[in-house]
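**Q** Handing you a structure now.
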Amino acid sequence: MKFRPRLLAFVSAIIGFALFIYVINRTGLTEIWVRVNSLGAGFLLILAVSSIRYLSRSFAWMRCMAPDDRRVGFLSLWRARVAGEAIGDLTFGPVIAEPMKLVALGDRVSLTSRISSLAVENIAYTISCFLMIMAGSIALMATFSLNESMISALIIALGLVTVSTVAATLIISQRWRPVSGIAAKIAIVLPGRLADKVGHLRSLEDYIFDFYANRPVDFLLLVLCLIVFHLAGVVEIFATMRMIGVKLTFATAFMLESFNRAVNIVFIFVPALVGVDEAGTGLVTGALGFGPASGVALAIIRKIRMFFWIGVGLLLLLGDRTKPVITVEAGIEDRTNIR
């Protein structure tokens with residue numbers, strides 16, 4: 001990670017912790033603690049439900065690989081995902097998490113296959129998040145009487161994700177090449193190493209286009225995995241809120257999870273979403289009539305669950321004794337040492 005991303009991550013963490021302390025003090029530590037403590041052994045259920053999310057996206061990643069590359073095994077992909085997410089949650093989000101997954105997988109699969117399959121899975125995941133945010137925003141505005149500022153924020157979010165979803169769909173369906181096209185133009189102006197990478201970018205785009213156009217079974221399984229992922233998130237919120245004494249419907253839990261997806265995307269640079277998750281969730285639960293304390297408690301429980309999986313990911317990463325990887329293919333050299 002270069003200096004500027006490190007600086008941004010550091011500043012985001014400081015601001016996040018300051019916001020976290022402010023929200024806790026304003027909401028009331030005693031009330032929050034009573035709700036969190038009421039969860040008790042139910043936290044084990046939360047961990048079990050959250051594990052489904054890692055399992056579903058790991059299987060989705062495997063289906064995005066070419067059939068021959070799936071010999072890497074589901075367990076290896078699961079380990080790489082948990083380890084990568086752990087580092088990403090502690091630092092700069094997917095900017096660090098996605099490359100870390102490629103590193104954690106090591107030489108079990110070629111670098112080209114790792115990058116291509118993960119790109120396909122992440123594109124599908126991002127679009128699914130956009131669709132969920134769209135559905136949740138519409139449901140929130142149609143179901144609850146929200147204040148004007150929150151309605152405006154939801155309309156803006158709805159507009160942004162709608163445009164992004166349509167754009168992504170058109171790019172894939174029409175086989176447009178925005179990445180390699182821009183890179184090719186830059187390479188003309190600034191010739192150098194970038195010119196050598198244009199061909200690799202086009203190959204990556206071809207893999208993505210061909211997956212969605214020519215592999216309907218894998219695409220269907222990918223969609224099902226992402227549905228399971230989002231459904232597990234809704235179940236986690238529903239179960240958590242019920243166990244801390246908040247009587248909400250499954251539909252309301254869906255709306256809260258869609259808001260959580262939006263927070264994850266907007267504040268992707270904040271380590272562990274410290275502060276922003278508590279503030280945002282407390283604001284929404286307050287607007288929905290459940291009180292801000294229930295939202296802050298939900299966010300804190302979610303944070304405890306996150307740090308449990310961060311611990312698992314770090315243990316997996318430290319326990320991986322993969323030998324140094326030196327892979328040279330299609331002009332790409334990958335040297336990685338996993339300790």
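**Q** Counting other C-beta atoms within 10 Å, which of R71, R81 has the fewest, and how do the rest follow?
**A** Ranked by crowding around the Cβ, least crowded first: R71, R81.
**Q** Take V163, V109, V198 and order them by how many other Cβ atoms sit within 10 Å, fewest up front.
**A** Fewest-to-most ranking of V163, V109, V198: V163, V198, V109.
**Q** Right, another one. Please turn the phi angles of region 78-85 into ³J(HN,Hα) values with the Karplus equation 6.51 cos²θ - 1.76 cosθ + 1.60 (θ = phi - 60°), one per residue in order, whole Hz, x for glycine and proline.
**A** 5, 4, 5, 5, 4, 5, x, 5
**Q** Would you mind listing how long region 207-311 runs along its three principal axes, going by Cα atoms, in whole Å with the largest first?
**A** 49, 30, 26
**Q** Here's a follow-up. Calculate one ³J(HN,Hα) per residue across region 55-69 by plugging θ = phi - 60° into the Karplus curve 6.51 cos²θ - 1.76 cosθ + 1.60, and present them in order as whole Hz with x for glycine and proline.
**A** 5, 5, 6, 5, 5, 4, 4, 5, 5, 7, 7, 5, x, 5, 7
**Q** Taking θ = phi - 60°, what integer Hz values does the Karplus form 6.51 cos²θ - 1.76 cosθ + 1.60 yield along region 138-149, in sequence order, with x for Gly and Pro?
**A** 5, 5, 4, 5, 7, 9, 10, 8, 9, 6, 4, 5
Rule-based calculations on the coordinates, nothing more; no lab input. Since this is a predicted model, take the numbers as computed values, not measurements. For neighbour counting, all protein chains shown are included, and Cβ atoms are generated from backbone atoms with ideal geometry for every residue, glycine included.
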